[in-house]
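Undergrad: One structure is given below, represented as structure tokens, and several questions about it will come after.
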Amino acid sequence: MALPQKITPALFLVAGLVAVFVLWQLASSNKAENDRGEFGGRKSVATTAVSSAEPAMEVRQLSGTIKSISGKTVAITVQYPKDHLGDQSVDERLVMIDNNTKITILVQKDQKAFEKELAEYQNKMSAIRPGSIPNPRGMPAPPQIYVKKDGDISSLKIGGMIDITTAENVKGQKSFVALTIEMTGIAAFPVSTN
């Protein structure tokens, strides 16, 4: 007996969902078995929290606010990533700028120009047939509120919010050389320079 064409895909979908659920349950039970340890068969919450707070990750990207600028050194207050359980002195860092550091300033577009781009984007998106799965490569890019402009050390301003990338791991370093610096604007509450 042949099944109607509309029911066959639904059966495959249901079978796939059941298979995913079964695999998820198996993976969850294996993880629970691996987590067994002291304190009544489970790791303590404190042990789990400490082990997850000890990331072995490298820090090559930071975000912060410019506190001061002196020559080719920028003092920042780090906003991300912060090590709440570690050395709090690295919440303030010295960022050195050398001849290889690329500085980019993001300048906010004119409101009318941005609104025009947004309307064009929305028109392109509404032309996509509802229920269809569009090719990601053919999707229109959303408008950006900022325009990127090349800058230099004189483009940086106290209170500016910056994103920094580095060539090396700077997780515990108080000072380092920046590979790129991107300033997005001035913080709503600039850092005091006292």
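The values are calculated or read from the model by the stated rules, or taken from the named source; none is laboratory data. Just so it is clear, the structure is predicted and the values come from calculations on it, not from any experiment. Positions of Cβ are generated from backbone atoms using ideal geometry, with glycine treated the same way; all protein chains shown enter the neighbour counts.
Undergrad: Which residue out of Met139, Met125, Met183 is farther than 19 Å from Val59 by Cβ, aliphatic (A, V, I, L, M) and loosely packed, with under 12 Cβ neighbours inside 10 Å?
TA: Values: Met125 fails: loosely packed, with under 12 Cβ neighbours inside 10 Å; Met183 fails: loosely packed, with under 12 Cβ neighbours inside 10 Å.
Exactly one residue qualifies, and that residue is Met139.
Let's see how each residue does on (1) touching a residue at least 60 places away in the same chain (Cβ under 8 Å); (2) more than 30 Å from Lys171 (Cα to Cα):
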{"position": "Asn100", "(1), (2)": "yes, no"}
{"position": "Gln108", "(1), (2)": "yes, yes"}
{"position": "Gln122", "(1), (2)": "no, yes"}
{"position": "Pro134", "(1), (2)": "no, yes"}
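Undergrad: Here is a further query. Name the residue that is modelled with the highest pLDDT, counting only residues in region 59-80 that are within 18 Å of Thr165 (Cβ to Cβ) and in a loop (DSSP other than H, G, I, E, B).
TA: Lys72
Undergrad: For residues that are β-branched (Val, Ile, Thr) and crowded, with 16+ Cβ neighbours inside 10 Å, scanning just region 145-176, find the one that is farthest from Phe114 (Cα to Cα).
TA: Val170
Undergrad: Next up: Is it true that Asp91 is within 22 Å of Arg60 (Cα to Cα), acidic (Asp, Glu) and free of Cβ contacts under 8 Å to residues at least 40 places away in the same chain?
TA: Considered against the rule, which asks whether it is within 22 Å of Arg60 (Cα to Cα), acidic (Asp, Glu) and free of Cβ contacts under 8 Å to residues at least 40 places away in the same chain, Asp91 comes out as yes.
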